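Enquirer: I am attaching a structure below and will ask some questions about it afterwards.
Each reported figure results from applying straightforward, stated rules to the coordinates on display, with no laboratory input. As the structure is a prediction and not an experimental result, all values here were calculated from the model. Cβ placement follows ideal geometry from the backbone for every residue including glycine, while neighbour counts extend to all protein chains displayed.
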There are 2 protein chains.
Amino acid sequence: MALEHAILVSLLEKPGSGYELARRFERSIGYFWTATHQQIYRVLKRMESDGLLAVREVPQQGRPDKKEYSVAGLGRAALSQWLHEPIESESVRHDLAVKIRGAAFDDPSALIHEVERHRQVHSDRLAHYLAGELRDFTGPEASAPPDAGQELQHVVLRGGIAYERMTIAWLDDVLATVHQLGASRPRT
Amino acid sequence: MALEHAILVSLLEKPGSGYELARRFERSIGYFWTATHQQIYRVLKRMESDGLLAVREVPQQGRPDKKEYSVAGLGRAALSQWLHEPIESESVRHDLAVKIRGAAFDDPSALIHEVERHRQVHSDRLAHYLAGELRDFTGPEASAPPDAGQELQHVVLRGGIAYERMTIAWLDDVLATVHQLGASRPRT
DNA sequence: CCGGACATGTAACAAGTTACATGATTAG
DNA sequence: CTAATCATGTAACTTGTTACATGTCCGG
């Protein structure tokens with residue numbers, strides 16, 4: 001189960017509560033691993049009882065208390081072990097591709113709005129990534145010694161950027177294809 | 001649930017048995033939607049009892065009999081409805097990205113083999129896609145009238161090709177980053 | 001006779017989703 | 001007084017994974 005590993009990485013980067021983790025899964029980590037708060041709370045509880053995590057009750061003023069989780073020795077060992085074993089898959093789930101192939105049996109032009117909407121989402125995401133890159137990975141870098149964590153986070157972000165750019169270009173290709181189809185074969 | 005929709009699309013493209021579907025999910029459709037035979041049999045049974053699919057027992061010689069499924073009217077309607085409603089997400093699960101960020105807390109150079117292995121997988125997949133493109137989408141195309149199904153399948157394949165190319169380039173970026181890290185900061 | 005392709009399944013479990021539930025504080 | 005943010009959870013359900021189970025035919 002890789003949600004556990006994603007949580008370990010996130011908590012190593014910075015300890016935090018279930019709520020905070022849930023928010024990180026809507027941002028940074030969430031770009032390559034999704035999870036809802038229900039799932040996170042459930043898994044945190046299990047990981048704690050398995051001794052992978054340590055909890056600390058943090059009383060707060062003007063806010064509900066929170067449970068701050070951090071990675072215990074066992075958790076670190078579990079992560080290390082996972083890092084050393086090969087992983088497969090990255091099991092794909094591209095609903096849009098299924099839709100595109102399905103559209104052949106229905107009205108292909110109905111795709112247009114949907115594809116444009118997705119293009120917008122990816123375009124926004126790209127802008128967001130680029131802003132993050134500018135903010136976090138430029139400037140004092142040249143002078144300061146390269147930090148492994150920083151460099152690795154940056155290369156993951158560059159992956160996200162490349163992915164969004166590729167996707168946008170592909171969606172343009174899809175739109176052009178659908179339009180061409182409509183032009184040469186107007187529907188009944 | 002989009003596995004149902006992927007099955008509908010696949011069966012519309014060509015009716016077939018659970019076994020055949022399972023094999024298609026290791027190839028063509030499998031490139032953007034994964035499913036094991038156990039899952040497929042379970043869902044097929046449900047879809048049939050829901051009236052989305054029709055079955056035909058096909059006795060065979062020298063082989064076990066098979067149940068050939070095809071899409072019923074209800075199934076076609078269900079697909080059509082799905083095509084017309086917006087979909088979200090494409091919920092991501094990039095184990096490798098989690099690993100890369102996690103490597104900062106362990107030995108980054110342990111990534112090298114893993115990344116090279118993944119690069120090989122994507123490189124093979126790209127070659128496979130390109131061969132398929134050459135086989136299925138070149139030649140009589142210019143003379144024959146454009147077939148919507150063909151064009152849409154082709155654009156999905158082009159998406160796969162773009163994805164693999166992007167991924168390979170990114171993995172090279174990852175390798176370069178890790179090597180650079182090792183060079184400037186040799187590990188203890 | 002053994003392994004691989006063909007063909008279909010069951011059972012148990014793990015993971016993910018959706019809906020519901022509670023309660024405090026702060027900004028408008 | 002109302003909505004938003006912070007904070008944590010339960011329950012029911014659907015999906016997806018892993019392991020097990022069975023049986024034929026064909027080629028080597």
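Enquirer: Tabulate in residue order the Karplus-calculated ³J(HN,Hα) for segment B:58-74, using 6.51 cos²θ - 1.76 cosθ + 1.60 with θ = phi - 60°, rounded to whole Hz; enter x for Gly and Pro.
Expert: Per-residue couplings from phi come out as 10, x, 10, 9, x, 8, x, 4, 10, 9, 8, 9, 9, 7, 8, x, 4 Hz.
Enquirer: Between segment A:77-104 and segment B:1-37, how many Å separate their Cα centres?
Expert: 16
Enquirer: State, in angstrom, two size descriptors of segment B:106-186 derived from its alpha carbons: Rg to one decimal place and Dmax to the nearest whole number.
Expert: My reading of the Cα-based Rg and Dmax gives 18.3, 61 Å.
Enquirer: Can you show me the helix-derived [θ] at 222 nm for chain A, built from DSSP H runs with n ≥ 4 at -39,500 (n - 2.57) apiece and divided by the number of residues, rounded to the nearest 500.
Expert: After summing the helix terms and dividing by the residues of chain A, the value is -20500 deg cm²/dmol.
Enquirer: Ignore the peptide's own chain and count Cβ atoms of other chains within 10 Å of each Cβ in A:7-17; give me the average, rounded.
Expert: Mean number of neighbouring Cβ atoms from other chains: 2.
Enquirer: So who's got an amide H within less than 5 Å of the one on B:V71, skipping anything under 5 residues away but keeping other chains? H placed 1.01 Å off N, in plane.
Expert: Hits under the 5 Å cutoff: B:A54.
Enquirer: Quick one, can you get me the convex hull of the C-alpha atoms of segment B:54-167 expressed as volume per residue in Å³?
Expert: Per-residue hull volume (Cα only) is 234 Å³.
Enquirer: Residue by residue through B:113-121, how many Cβ atoms from other chains fall within 10 Å of the Cβ on average?
Expert: Taking the mean over all residues of the peptide, I get 2.
Enquirer: Cross-link partners among lysines for B:K67, C-alpha distance below 29 Å, same-chain residues fewer than 8 apart left out?
Expert: Those lysines meeting the cut-off are A:K99, B:K14, B:K45.
Enquirer: Once phi is turned into θ = phi - 60°, what whole-Hz ³J(HN,Hα) does the Karplus curve with 6.51, -1.76 and 1.60 give for every residue of segment A:98-115, x standing for Gly and Pro?
Expert: Karplus values, whole Hz, x for Gly and Pro: 4, 4, 5, 5, x, 4, 4, 9, 9, 9, x, 5, 5, 5, 3, 4, 4, 5.
Enquirer: Next question, about the same structure. List the distances, in nm and shortest first, from the label point of A:V92 to the matching label points in every other copy, placing each point 7 Å from Cα along the Cα-to-Cβ direction.
Expert: 1.6
Enquirer: Ordered by residue, what ³J(HN,Hα) values in Hz, to whole numbers, does segment A:37-49 give under the Karplus form 6.51 cos²θ - 1.76 cosθ + 1.60, where θ = phi - 60° and Gly and Pro are x?
Expert: 5, 4, 5, 4, 4, 4, 5, 4, 4, 5, 5, 5, 5
Enquirer: Something else: Please state, as a whole number in µm²/s, the translational diffusion coefficient that the Stokes-Einstein equation yields for the protein assembly as shown at 4 °C and 1.567 mPa s, with Rh defined as the Kirkwood radius across alpha carbon pairs.
Expert: Reported coefficient: 56 µm²/s.
Enquirer: Measuring from the axis that superposes chain B on chain A, report the chain B residue with the minimal C-beta distance, rounded to whole Å.
Expert: Output: B:M166, 2.
Enquirer: Same structure, new question: Take segment B:59-101, compute every pairwise Cα distance, and split them into 5 Å bins from 0; I just need the percent in each bin.
Expert: 5, 14, 9, 10, 10, 11, 12, 13, 12, 4, 1
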